[in-house]
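Reviewing the structure listed below.
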Amino acid sequence: MRQNLTYRRFQTKGTRMTKLKWRKKPKVTAEQLRAVIHAVFSEADDDGNGDLDLFECREFCKRLLRKTYPTKAWDEERFKQGFYAIDVDKGGSIDFVELFKIIEKNA
């Protein structure tokens, strides 16, 4: 039950006090998750063939890394390990279904 709850920290009169206030996290439906992932996937699919090859996925991940963690260094080996782990059919590209399954499983 606690996995769907969050808490807030409060400060009062210069003294730091932590007070737990439990509230439910907003839930995202499978359809909402699918729509968001599809939009991001489509943006990364430069040639529009419905798959992300190694180059498309690398460039998209690098752009995402620069936007979210600008000081973090790119790790090519870690990227390749992740890419090939998601590419379950070993076709050399990631299709939307492969990506959605791994994200939905870990969400």
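The values are calculated or read from the model by the stated rules, or taken from the named source; none is laboratory data. Remember, predicted model here, so these are calculated numbers, not experimental data. Positions of Cβ are generated from backbone atoms using ideal geometry, with glycine treated the same way; all protein chains shown enter the neighbour counts. Ligands, DNA and RNA are stripped out before the accessible areas are found, and what is left, the full protein with its side chains, is counted by its heavy atoms. Shrake-Rupley method; radii C 1.70, N 1.55, O 1.52, S 1.80 Å.
Rundown of residues vs (1) under 19 Å from GLU104 (Cβ atoms); (2) without any contact (Cβ under 8 Å) to a residue 12 or more places away in the chain; (3) in a helix (DSSP H, G or I), yes/no style:
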| position | (1), (2), (3) |
| --- | --- |
| HIS38 | yes, no, yes |
| SER42 | yes, yes, yes |
| LEU52 | yes, no, no |
| PHE55 | no, yes, yes |
| ARG58 | no, no, yes |
| ARG63 | no, yes, yes |
| ARG66 | no, yes, yes |
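So, in the range 71-88, exactly how many residues are in a loop (DSSP other than H, G, I, E, B), open to solvent by 100 Å² or more (accessible area, probe 1.4 Å) and not aliphatic (A, V, I, L, M)?
2
So in the range 89-98, with the set limited to residues that are without any contact (Cβ under 8 Å) to a residue 40 or more places away in the chain and either in contact with a Phe, Trp or Tyr (Cβ under 7 Å, 6 or more places away or on another chain) or closer than 21 Å to ALA39 by Cβ (or both), which one is surrounded by the most Cβ atoms within 10 Å (Cβ to Cβ)?
GLU98
When only residues in the range 49-87 that are among the hydroxyl-bearing types (Ser, Thr, Tyr) and under 16 Å from the mean Cα position of the chain (by Cα) count, which is nearest to GLU98 (Cα to Cα)?
Keep residues of the range 49-87 that are among the hydroxyl-bearing types (Ser, Thr, Tyr), which gives 68-69, 71, 84.
Applying the additional criterion that residues be under 16 Å from the mean Cα position of the chain (by Cα) yields 68-69.
Working: THR68: 24, TYR69: 25 Å.
Of everything passing the filter in the range 49-87, THR68 is nearest to GLU98 (Cα to Cα).
Evaluate the following for LEU52: is it open to solvent by less than 60 Å² (accessible area, probe 1.4 Å), at pLDDT below 90 and in contact with a helix residue (DSSP H, G or I) (Cβ under 7 Å, 6 or more places away or on another chain)?
no
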